[in-house]
Ligand code: PXP
């Protein structure tokens, strides 16, 4: 029996199909003589394994346990290793990314198999590239043209550059300095889209210091990519979001006296309150992001709120006083992005990012989108808005 599947998930698994595909995979890899054990668990089961062996007390989608120390298995031992999959996490992710369930399960198993063969995506970007290339090659042969969607997903998740959503608040800041009708953030929204940005962001503050209600309404109407409404989780703002229906709502903390958002939303210890706001917005059919500090505790708390996305606060990274401190903050963001992605979040990041500091964060493969405002609008005064957006897009693209 080259592939044995144990199902401890208490759910129905397409076991014979997966067994057939994995045996075919082993043959294609010239490992037809080897044995592989696959274990399906629920989140509790995989959390137990994560805690016991990897010091991660939370569920992940897949873990591999190799029988080998060296890079490529060989020798007489017929057993390649074990792959444990959380059925619950896998199904949650398949739904989140809108992927066929069987194909996603197979993609996770192929990923686990690559680990058993010595691939390590966490090591270096080139190692990750090689691993994904091998996964895609195998999935193509196992699924043929019907697997195109999952293949695109595997390719995109690791290599697609992150997207850029441009915050146009500070166009409105200049307008409000004189209380006139120019420059207009609505015009800016059109220009940033024409320059290739993937979204337009506005923060409607309680004190209306820059963006006004009229801007939000008009930008929602004209935007052809996506519109993100940043807001505090207050009754007034939730009502506005439900009326305007942006493509995404990002919940942020807000203090009247602050110059700009000063940190992430504190979710830990306030899960019920945040979940209430998230649920109300999601019941209205809106996609919800929460802006949080890159801390594992906050992310775990966020995973109990029902939010679809976490936007990691990059302010401390941006403001780090020296190289060493910045490196430390970068490590925090990397770790937070990894944990957030493993918990099934779409991962975004933003705040304080500019042309000089975007590179290292844009290289983090888990981050799918950046939200950047001040630096782009500031540069636009000198070089024009389209040029400023394009320059930032180039830096993000070059980073991966
Ligand atoms: N993300 C969030 C949640 C924010 O509140 C802001 C500032 O409005 C940004 C990103 C953009 O920050 P910056 O203007 O520093 O690029």
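Bear in mind that the values in this text are calculations on the coordinates, not laboratory data. In this text the structure is predicted, and so the values were computed from the model without any measurement. Every residue, glycine among them, receives a Cβ derived from its backbone with ideal geometry; neighbour counts consider all protein chains shown.
For the pair residue 120 and residue 319, a Förster radius of 25 Å applied to the C-beta separation gives a FRET efficiency near 0.15, rounded to the nearest 0.05. Using the rule -39500 (n - 2.57) for each DSSP H run of four or more residues, divided by the residues of the chain, the 222 nm mean residue ellipticity is -14500 deg cm²/dmol. For the pair residue 140 and residue 182, a Förster radius of 51 Å applied to the C-beta separation gives a FRET efficiency near 0.45, rounded to the nearest 0.05. Against the chain, whose longest principal axis comes from its Cα atoms, helix 169-178 is set at around 10 degrees. Computed from label points 7 Å out along Cα-Cβ, the spacing between residue 148 and residue 221 is 3.8 nm. In this label model, residue 279 and residue 242 are separated by 1.4 nm, measuring between points 7 Å along each Cα→Cβ vector.
When the Cα atoms of region 163-399 are aligned to their principal axes, the ranges along those axes come out at 44, 41, 33 Å in descending order. Ordered from longest to shortest, the equivalent ellipsoid semi-axes for the chain are 42, 22, 19 Å, each the square root of 5 times a Cα gyration tensor eigenvalue. Once the chain from residue 398 to residue 331 is taken as fully extended at 0.36 nm per residue, the excess over their C-alpha distance is 22.1 nm. FRET efficiency for the residue 212 to residue 129 pair, using the beta carbon distance and R₀ = 45 Å, is estimated at 0.45.
As a proxy for reagent exposure, ranking 341, 245 by other Cβ atoms within 10 Å from fewest up yields 245, 341.
In terms of the mean number of neighbouring beta-carbon atoms within 10 Å, the peptides 390-396, 196-202 order highest first as 196-202, 390-396. Computed from Cα positions, the angle between helix 15-28 and the longest principal axis of the chain comes to roughly 80 degrees.
How tilted is helix 323-342 with respect to the longest principal axis of the chain? Cα atoms for both, answer in degrees (0 to 90, nearest 10). With rounding to tens, the tilt is 60 degrees. The modelled label-to-label distance for the pair residue 270/residue 30, using points 7 Å beyond Cα in the direction of Cβ, is 5.9 nm. Annotation: extensible slack from residue 386 through residue 174 equals 74.5 nm (criterion: 0.36 nm per residue apart, minus Cα-Cα distance).
Cβ crowding within 10 Å ranks 283, 35, 254, 319 as 283, 319, 35, 254, fewest other Cβ atoms first.
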